[in-house]
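Enquirer: One structure is given below, represented as structure tokens, and several questions about it will come after.
The values are calculated or read from the model by the stated rules, or taken from the named source; none is laboratory data. These figures come from a predicted structure and were not determined experimentally. Reconstructed Cβ throughout: ideal geometry from the backbone, glycine too, with neighbour counts over all protein chains shown.
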Amino acid sequence: MNFVFIDTNTWIYLGEELNSIEYFDNLHEIFQYPDFKLVVPESTQIEFERHRNRVTENLTKKFKSHAINGYQVFKKFLPEKLEEIEKIHSDTQALIKKIPERVETNLNLIDELFEKAEIASIEGYMSEACRRCLHHIAPAHKNSRSSPGDCIFWLTALAYLDKGEVWFCTADNKDFSSQKNNELDEQLQQESKAKPFKIEYFNDLNALIQAALPYKPKLPELTPFIPYYLACSRCGSSNLFKLTRTIPGSWIDILNCQDCGKQIITNIEYMD
């Protein structure tokens, strides 16, 4: 049996991606095979539920900002094209109004996958997760941040290596990856090697789908929505990677500069 673990950030990206239907079709096909089983740790389910009500609002807000900025720039520098610009702006606003419906479809498809998944208990992992955070033990080995959620996700997957092979997919290429982003962190590799079954690491959902369904064409890269005008304040790079983190009473988006390592907090969303 291949137990498939997909982290919270990847589920959020799927929720935000307006052209993700092929991803869902492929995931449904994978889990129809008897040798693949989706496993959702309770912590992942809880984190996703905490985020889901903000996905539509957050994405709509970002697209509106994107559209308004572009509209203002084009009006200023192309006044002779004002009529065409107004038409494009009007069409864009109409598309933005459709975002809630598209996102709701995505969230419902994720719910369907979760309903058929094996929900893994996280009981007994909190103490070890906290210990790893305090002592900066992988995946909480970065001095700048330590996530109990990442540790619980890893510990749950590690336990499943006693039952079968684990396919481990995460959008977090900072905490789980080695310096080569397509390889699992060396310390985590050593932990997994002590188990009877092996772990397959994927830093991209597309790569997991390709491995399970090699006859399928590669899909467009699944990436978080990052406004084009954001750049690293230290080095000016636009090579940014988004992570979503929960904090007491809220959640934040953190942009990591892939070139110089600087972290940028882009928003704090307070939950009801």
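Enquirer: Mind checking which strands (runs of 3 or more DSSP E) fall wholly inside the range 118-209 and carry at least 3 residues that are surrounded by 14 or more Cβ atoms within 10 Å (Cβ to Cβ) and in contact with an Asp or Glu (Cβ under 9 Å, 6 or more places away or on another chain)?
Expert: It comes to 165-169, 199-202.
Enquirer: Considering only residues that are among the charged types (D, E, K, R) and touching a residue at least 24 places away in the same chain (Cβ under 8 Å), look in the range 87-111 and name the one that is nearest to residue 42 (Cα to Cα).
Expert: 104
Enquirer: Right, here's the next one. I'm told residue 27 meets every condition in (1) among the hydrophobic types (A, V, I, L, M, F, W, C); (2) over 18 Å from the mean Cα position of the chain (by Cα); (3) closer than 25 Å to residue 207 by Cβ except one. Can you identify the failing condition by its number?
Expert: Only one criterion in (1) among the hydrophobic types (A, V, I, L, M, F, W, C); (2) over 18 Å from the mean Cα position of the chain (by Cα); (3) closer than 25 Å to residue 207 by Cβ is unmet by residue 27, namely (2).
Enquirer: Regarding the range 209-230, can at least one residue be identified that is modelled with pLDDT under 70, in contact with a Phe, Trp or Tyr (Cβ under 6 Å, 6 or more places away or on another chain) and not hydrophobic (A, V, I, L, M, F, W, C)?
Expert: Within the range 209-230, one or more residues are modelled with pLDDT under 70, in contact with a Phe, Trp or Tyr (Cβ under 6 Å, 6 or more places away or on another chain) and not hydrophobic (A, V, I, L, M, F, W, C).
Enquirer: Let me ask something else about it. For the structure I just gave you, tell me whether residue 128 is in contact with a strand residue (DSSP E or B) (Cβ under 7 Å, 6 or more places away or on another chain), acidic (Asp, Glu) and in the same structural domain as residue 60 (by the TED database).
Expert: The answer is no for residue 128.
Enquirer: While we're looking at this one, here's another question. Would you check if residue 238 is out of contact with any helix residue (DSSP H, G or I) (no Cβ under 8 Å at 6 or more places or on another chain) and either at pLDDT 95 or above or under 30 Å from residue 72 (Cβ atoms) (or both)?
Expert: yes
Enquirer: Considering only residues that are acidic (Asp, Glu) and modelled with pLDDT of 85 or more, which ones fall in the range 155-204?
Expert: Across the range 155-204, the qualifying residues are 162, 165, 183, 185, 186, 191, 200, 204.
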